[in-house]
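What follows is a set of notes on a single structure, which appears directly below.
Derivation of every value follows stated rules applied to the coordinates shown; laboratory data play no part. This one's a predicted model, so the numbers in the text were calculated from it and none came from an experiment. Neighbour counts run over all protein chains shown; Cβ positions are idealised from the backbone, glycine included.
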Amino acid sequence: MEKIGKSPLLPLEDETQSKRRMIDLTSINQGDFYLPDYYASQITDIDFEKLKQQGVRFALFDVDNTLTKVHENEIPQDVLTFLSNVLKSQQVEQIYLVSNSRRDLSCLARVLGATIIKPGIIRNKKPYKSFFNQIIETIRCKPEEVAMIGDKIVHDIYGARRLGIKTVLVDPIGPFVWPYYLFGLSRKEKKHRKHLEESKSKL
């Protein structure tokens, strides 16, 4: 698909301030499913040891603009190394790829040692509860034993939080493609990002 020539959303704070830092928002996000439990500017900033201490056993990853640029199959080497160490140190038991994309993710899963959970049709995909219920049933775990990591508040954060799954929002690593500009999704995303920025000032 043709990409829209717009820059991705800007990080929520200066890179030097956010380096290797995961911001805890659990004290202010109760009842607001559009606020994540945690924010990290990039995957390598996520503190999986802290998540493990809170009972998280499994990590769900969105793919496009979270692990790879849209429709690409190359994961940055620093992310691959980081996640490999997360698995080796048993900070999580298993990584799952959960994407609304219909493309073949097998090569990504193989490189990561991950399992793919495919979406269904119509309402059996992110952000619908039916899809996140399917994930919990597939893994055979409790919602609080799972962390959803993604770059989109509307799809990744809102959907998972409604089911009690812990969430980590990261910044997109590339621009959105044209379907995301349909139905005002990009405007909604920017609106919720602004709300997140305002909420952080309360910490």
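Within the same chain, aspartates and glutamates fewer than 8 places from Lys194 are excluded, and of the rest, those with a Cα less than 19 Å from its Cα are Glu13, Asp14, Glu15, Asp24, Asp32, Asp37, Asp151, Asp156, Asp171. When the charge dipole of the chain is built from unit charges on Cβ atoms (+1 for Lys and Arg, -1 for Asp and Glu) and taken about the Cα centre, the candidate among Gly159, Thr44, Val79 whose Cα reaches farthest toward its positive end is Gly159.
Peptides 148-160, 33-45 ranked from most to least packed give 148-160, 33-45, packing being the mean of other C-beta atoms within 10 angstrom over each peptide's residues. For Gln90 and Val111, the FRET efficiency from 1/(1 + (r/R0)^6), where r spans their Cβ atoms and R0 equals 25 Å, is about 0.80.
Magnitude of the charge dipole for the chain, about its Cα centre and with charges confined to Cβ atoms of Lys, Arg (+1) and Asp, Glu (-1), is about 640 debye.
Please arrange Leu203, Leu80, Leu105, Leu60 by counting, for each residue, the other beta carbons lying within 10 Å of its beta carbon, fewest first.
Working: Leu203 9, Leu80 14, Leu105 20, Leu60 26.
Fewest-to-most ranking of Leu203, Leu80, Leu105, Leu60: Leu203, Leu80, Leu105, Leu60.
Calculate for the chain the 222 nm mean residue ellipticity that helices alone would give, adding -39,500 (n - 2.57) per DSSP H run of length 4 or more and normalising by residue count, nearest 500 deg cm²/dmol. List each step's numbers first, then the result.
Numbers: 7 runs with 60 residues, N = 203.
Computed ellipticity for the chain at 222 nm equals -8000 deg cm²/dmol.
Find the Cα radius of gyration of the chain, compare it with 2.2 N^0.38 Å by division, and give the number to two decimals.
Values: Rg = 15.6 Å, N = 203, 2.2 N^0.38 = 16.6 Å.
Scaled against compact globular proteins, the figure is 0.94.
Remark: the Lys202-Lys118 segment gains 26.5 nm on full extension, using 0.36 nm per residue and subtracting the alpha carbon distance. Here the Karplus relation 6.51 cos²θ - 1.76 cosθ + 1.60, evaluated at θ = phi - 60°, turns the backbone of region 66-80 into coupling constants of 10, 8, 9, 5, 4, 6, 9, 10, 10, 8, x, 4, 5, 6, 4 Hz, with x for every Gly and Pro. Note on the chain: with a GNM built from Cα contacts shorter than 10 Å, the maximum mean-square fluctuation among Ser27, Ser130, Ser186 falls on Ser27.
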